[in-house]
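Below is one structure; the comments refer to it alone.
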Amino acid sequence: MIEIGQVTAVVGVEITIKTNENSNLETHFYAGQSFKGVSIREFIAIDHGFREVICIVEGEFLDERLKEGEGPNAQFVRKLKVRPIGYFEDDLFFDGIKFLPKIGDPAKLLPERQIERIFERASTESFIIGRLMKENIAISLPWQRLFNSHLGIFGNTGSGKSNTLTKLYTVLFENKLDQIGDISKFIFLDFNGEYTGAQLVPLASKDVIRLKTRSDDGDRFPIKEDQFWEAETLGILFQATANTQKPFLRRIITERKKYEANKDSLVSYVKSIFLRVLTSENPSTEALELLKSLSRHLSLAQDLIKSIHSVGYLRTSSSFYFDNEGVRSYFDVGKPTYEDHFQKLIAEINFDKPDGFQELQIRAELKLISDLLYGSVQYEHIQPLMRRIESLMGDLAKVIAVLPQNAETKAITVISLRECNQEIKKILPILIAKHYYENHKSKVLSPPDITLHLIIDEAHNILSQQSNREAESWKDYRLELFEEIIKEGRKFGVYMTLASQRPADISPTVVSQLHNYFIHRLVNDRDLALLENTVATLDSVSRSQIPNLPQGACVVTGTTFDIPMLMQIDKLPKDKEPDSSDVDLEKFWGTVAM
């Protein structure tokens, strides 16, 4: 090896090296090998007995000294500030500061192969996604430790974040798809439709679910019927409040379970509600309006719909009346009005079993009417939930299918939300995450024998604390769900990968629970401050380079890696890169003569 200087000071873990005069060459050659010269973030070795202490260069400066001779004659000596990161012993690299050099120990340059061994881990397989940016050395990442951890991929738009995410999983599937089989599931939540083509794996090897709210021809996300009829699921879909609206949904579900064996029970329930509303001794105008709404949603006979819409409420006498072409009949005078105009029509009520969302709307209206008649509910507390059900069920029915049992899926599933409106983009990912997480927990053994990998691109869309478009209680529930997955998921073999342009918008609890990070260019002070406070393995030199990283370059750090690495991620071929490329205006508009 080429000696470049000697240790002159050791203060704590800060080591000073006085370099030789020829140490500042760009490249050195010795015994047929090339050695990179000394500069910031380069690695050098310091002989310490039979070991080599490996250090990273963090700074350099000139020290002035006087040469002997006639008159004052200054000479400047180049000195390096270095920090130990590990050591080589018996040709194996061990990370951590176990040994420190002594003053006078020689410092030497490292050949490329020895630099590679600093980053590589013992493995018979290569998992190469890029090269060290400064040394231009291809590095094999330890995939065994990488994919059993939570990953964060952060970077401003155009920094290469999506390419890194796609490259990571493309290389994994190229090496491991045949062995994954039924052992692991990979779910990609794709907000911008970037992975619906030949990305990651060929189309035949993955399920692509294209959800659409703009038209009725999109795919549906399948939910098992007994999972749909849960208070938690319905609470997510319709943002139910915890203290009043969720208990109301639970009563609906309990009542449905009680009578679901009887296929005619819903028809009988509807008939009894019509009877109770129209013959109640304490008429309720809210119950009457809900009954009119129910008649439309059930698509009942036109005669009954017309008749029920001809019923009004007279406040002066607190009673109903029936307006038959201008002639009013009052319900408070015995039963003749009900018997004359409604009894036969109600007895003939019949309808086919509604689908999931229609049944929910019908049962919610029936339950609210019943509770109002019993005086066991405040109408103004439940009415916002009823409005949300009515406004959202049309869009939800376009993207969710309620099935008798779970459908079989492939190991890789891409769920595209590109053509969904903002309301659905906010609600549905929470339901999808809950669905897969709970299904996985119900199957997994201890220790886990199967894994679930949830990959969320543009994660700030659903993990933001800044949203003001939703109730505070529902936002808390949304964040608590993902925080539970990221805090408790490893016990069950559940791992998350988050990619985002704005890590500062994501819950700090979520970011701090990530294990490994691929950090592309970030310039916002809040984003940089968050990383400084949450990523313990990010050193000051690497952190200072983040705002100036070129496209495709990133700092790789975390529990899997001994030291932060500055990597240039390989660009994917055109047919495999995510659909997030910049527009080439020169090609798009053509060259304009100026």
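The values are calculated or read from the model by the stated rules, or taken from the named source; none is laboratory data. Bear in mind the structure is a predicted one, so any value in this text is a computation, not a measurement. Heads up, the Cβs are rebuilt from the backbone with ideal geometry, glycines too, and the neighbour counts pull from every protein chain shown.
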Problem - Candidates Q245, Q302, Q239, filtered to the one that is in the same structural domain as I346 (by TED's automatic domain parsing) and on the phi > 0 side of the Ramachandran plot - result: Q239
Completion exercise
With criteria (1) modelled with pLDDT of 85 or more; (2) under 47 Å from the mean Cα position of the chain (by Cα), L275 comes up short on (2)
Exercise for the section: Search the stretch 329-351 for residues being touching a residue at least 12 places away in the same chain (Cβ under 8 Å) and exposed (fewer than 13 other Cβ atoms within 10 Å of the Cβ), and hand back the single one that is farthest from P283 (Cα to Cα). Expected result: N350
Practice task
Please report, ordered by residue number, the strands (runs of 3 or more DSSP E) entirely within the stretch 101-203 with at least 3 residues that are under 19 Å from the mean Cα position of the chain (by Cα) and not assigned by TED's automatic domain parsing to the domain that holds E14.
Solution key: 151-154, 184-190
Problem - Number of the exception - T337 against (1) modelled with pLDDT of 80 or more; (2) within 23 Å of A301 (Cα to Cα); (3) among the β-branched types (V, I, T) - result: (1)
Practice task
At least 3 residues that are surrounded by 11 or more Cβ atoms within 10 Å (Cβ to Cβ) and at pLDDT 85 or above in each: list the strands (runs of 3 or more DSSP E) lying fully within the stretch 1-85 that qualify.
Solution key: 3-11, 14-19, 43-48, 51-66
Problem - Residue list for the stretch 229-244, restricted to those being surrounded by 21 or more Cβ atoms within 10 Å (Cβ to Cβ) and either closer than 14 Å to Q361 by Cα or in contact with a Lys or Arg (Cβ under 6 Å, 6 or more places away or on another chain) (or both) - result: W229, L234, L237, F238, A240
Handout entry: Those residues of the stretch 501-532 which are touching a strand residue (DSSP E or B) at 6+ places or on another chain (Cβ under 9 Å) and acidic (D, E), in sequence order
Key = D505, D527
Practice task
Please specify each residue of the stretch 204-241 satisfying the condition of being among the aromatic types (F, W, Y) and part of a loop (DSSP other than H, G, I, E, B).
Solution key: W229
Exercise for the section: Look through the stretch 104-132, keep the residues that are under 19 Å from V556 (Cα atoms) and of a type in the set (K, R), and return whichever of them is modelled with the highest pLDDT. Expected result: R131
Handout entry: Y259 being of a type in the set (F, W, Y) and at pLDDT below 85
Key = yes
Completion exercise
Within the stretch 166-183, residues modelled with pLDDT under 90 and buried (at least 19 other Cβ atoms within 10 Å of the Cβ) come out as none
Practice task
Give the residues of the stretch 396-420 that are more than 22 Å from the chain's Cα centre (by Cα) and either farther than 26 Å from R363 by Cβ or acidic (D, E) (or both), sorted by residue number.
Solution key: E408
Exercise for the section: With the condition kept exactly as written, say whether any residue in the stretch 481-503 is farther than 23 Å from N148 by Cβ and hydrophobic (A, V, I, L, M, F, W, C). Expected result: no
Fill in the blank from the handout: Checked pairs for the stretch 232-261, first more than 21 Å from Y477 (Cα to Cα), second not polar (S, T, N, Q), C-beta under 7 Å and 6 or more apart or across chains, list as I252/R363; I252/A364; I252/K367; E255/K367; R256/W229; R256/R363
Handout entry: Answer residue from the stretch 543-555, given it is under 23 Å from V82 (Cα atoms) and in contact (Cβ under 8 Å) with a residue 60 or more places away in the chain and is surrounded by the most Cβ atoms within 10 Å (Cβ to Cβ) among those
Key = C554
Exercise for the section: Pull up the stretch 521-543, narrow it to residues that are hydroxyl-bearing (S, T, Y) and not in a loop (DSSP other than H, G, I, E, B), then point me to the one that is nearest to Q568 (Cα to Cα). Expected result: S542
